[in-house]
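Data first, discussion second: the structure below is written as structure tokens.
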Amino acid sequence: MRSGGLRLESELRLWVQAGRRARLWWRDDDARAPGEALDRLLAASAAHGAPLTLAVIPDGDLTALAQRLAGQDLVSVVQHGVDHENRREGPQAGEFPHHWLRLRVSTQVRAGWVRLQALPGVHKIYVPPWNDVHPQLAGALADSGYLGWSAAPETEPPPLPPRVDIHLDLLRWRGGARFRGEAKVLEALREQLAERRKAQRWDDPIGILTHHLVMDEPAWAFLDSFLAWTMGRRALTWAALPTLLPSVAAPSEVRVSATR
Ligand SMILES: [Zn+2]
């Protein structure tokens, strides 16, 4: 991937002309244990110096994962639900049935946090499986002292806790997970950039989503070339998820870490 195509390149030029840098961040879901795919993911992050947020499912013995992640300075660990079990009827999967009350949802997410909190690089940030936003989830997270959460931007989030969403999923899911395709991902990135530029919301982060356990070779190849390509662009910068949350870093610190 030498260039992102003409339309994306001209969008990036507009950002450079405006003296702005778009903030990208990267989330990978479903880690539970070390393995070949996780090694490959960590290697990609390290090779390009790209901060990686690992959304970990806290339902088993996390000792081996904790050992593997020790000393991985680019990795932030966050909580991916409680056990990744679908307890819903109907097309939208979710861990918590809709009739569950706020207290019951809080109790579940807190129990998950207790199991996760010893991992290196961990932050009290919540990522619901399937990006499902249960009606009581925001309240339950606020009750339980979460610093933030992350889903997909289909719903308008309540003000607290702050939510930092993902926008570009490298995979498509219907009929089995596979790479969405370079043209589609780059066009989606261009749309996100144009949207922010037109609204003067220059600092709104753009989230990239991967799933290391089910990525096919074209997705891995794209990830590697995409990371390399972004690192050479004046209009793009990578940020770690915790630095994008107002409660973790003051606005001035966010700016510094984002332009480094
Ligand atoms: Zn998941």
**Prompt:** Among bridges DSSP assigns within the chain, what percent are antiparallel (round to 5)?
**Reply:** 10
**Prompt:** Scaled to the compact-protein estimate 2.2 N^0.38 Å, what is the alpha-carbon radius of gyration of the chain, rounded to two decimal places?
**Reply:** 0.98
**Prompt:** What's the center-to-center distance, using Cα atoms, between the range 1-30 and the range 98-120 in Å?
**Reply:** 36
**Asked** So, in nm, how far is label Ala70 from label His99 when the simple model puts each one 7 Å beyond its Cα toward the Cβ?
**Response** 4.7
**Message:** Could you compute how fast the range 1-154 diffuses translationally, taking Rh as the Kirkwood radius over C-alpha pairs and applying Stokes-Einstein at 10 °C with viscosity 1.306 mPa s? Give it in µm² per second.
**Reply:** 92
**Fill in**
Placing each pseudo-label 7 Å from Cα in the direction of the beta carbon, Leu213 and Arg174 end up separated by a distance in nanometres of 2.5
**Cα→Cβ-extended label distance, 7 Å offset, between Lys198 and Met231, nm** = 3.4
**Item:** Per-residue ³J(HN,Hα) for the range 165-170, Karplus 6.51 cos²θ - 1.76 cosθ + 1.60, θ = phi - 60°, Hz, x for Gly and Pro
**Value:** 9, 9, 10, 10, 8, 5
**Gain on full stretching of the segment that runs from Glu187 to Asp83 - 0.36 nm per residue minus C-alpha separation** = 34.1 nm
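Only the coordinates and a few stated rules stand behind these numbers; no lab work does. Everything numeric here is computed off the predicted structure, so don't read it as measured data. Positions of Cβ are backbone-derived with ideal geometry, glycine not excepted, and every protein chain shown enters the neighbour counts.
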